[in-house]
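The values are calculated or read from the model by the stated rules, or taken from the named source; none is laboratory data. Only a predicted model underlies this, so the values are computations on that prediction, with no experimental measurement involved. All Cβ positions, glycine included, derive from the backbone under ideal geometry; neighbour counts span all protein chains shown. These accessible areas exclude ligands, DNA and RNA; they are computed on the full protein's heavy atoms, side chains included. Shrake-Rupley method; radii C 1.70, N 1.55, O 1.52, S 1.80 Å.
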Amino acid sequence: MGEIEDAIRRADFEAFTREPPKGLKARINFLLGSLKTTKAVTAELGVTQRSVERYRTGQRKHPPGPIADRIETAVRGRWQPKVRGRHRKQAATSTGITVETRARFGYTAPIGTATTAGCAG
């Protein structure tokens, strides 16, 4: 993903009317409700089906860092899709979307050459 898509995604997250689930069990249960099967959740998160079942029952409460990040991303990506859509539609029609970005341009010349050659001063 690029920086612009990330900025739009962050703006979407600010539009939530309710907070997404906080606890691991609640997040896994939300994903199960959204994706319908443990097999689909395992494919989304990249873990085993048994791990998903352990997270759901509370046998494992602290997944490794990368897996916790994937769980959070999956939940936030599916949380309140109508609210996010309404926010995007409103921004596109009335308020607009503003994304700030930075760019650096450089010029490299061999040592001893003039970088202003050919410029009318």
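Listed values, structure above:
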{"item": "Accessible surface, per residue, of the chain when the full set of protein chains is kept, probe 1.4 Å, Å²", "result": "76"}
{"item": "Span-like helix ranges in the chain, DSSP H, alpha carbon extent 24 angstrom or more, Kyte mean at least 0.0", "result": "none"}
{"item": "Loop-resident sites, segment 1-100, for chymotrypsin sites (Phe, Trp or Tyr not before Pro), counting at most 15 other Cβ within 10 Å (DSSP)", "result": "Phe16"}
{"item": "Nonlocal Lys pairs with alpha-carbon distance under 30 Å, segment 1-110 (8 or more apart, or different chains)", "result": "14"}
{"item": "Candidates Thr73, Thr48, Thr93: whichever shows maximal mean-square fluctuation once the chain is modelled as a Gaussian network with Cα springs under 10 Å", "result": "Thr93"}
{"item": "Accessible area in the full protein assembly, largest first, 1.4 Å probe, for Asp6, Asp69", "result": "Asp69, Asp6"}
{"item": "GNM flexibility winner over the chain from Pro20, Pro63, Pro110 (Cα, springs under 10 Å)", "result": "Pro110"}
{"item": "Computed FRET value (nearest 0.05) for Lys82 with Arg104, which takes r as the C-beta separation and R₀ as 35 Å", "result": "0.30"}
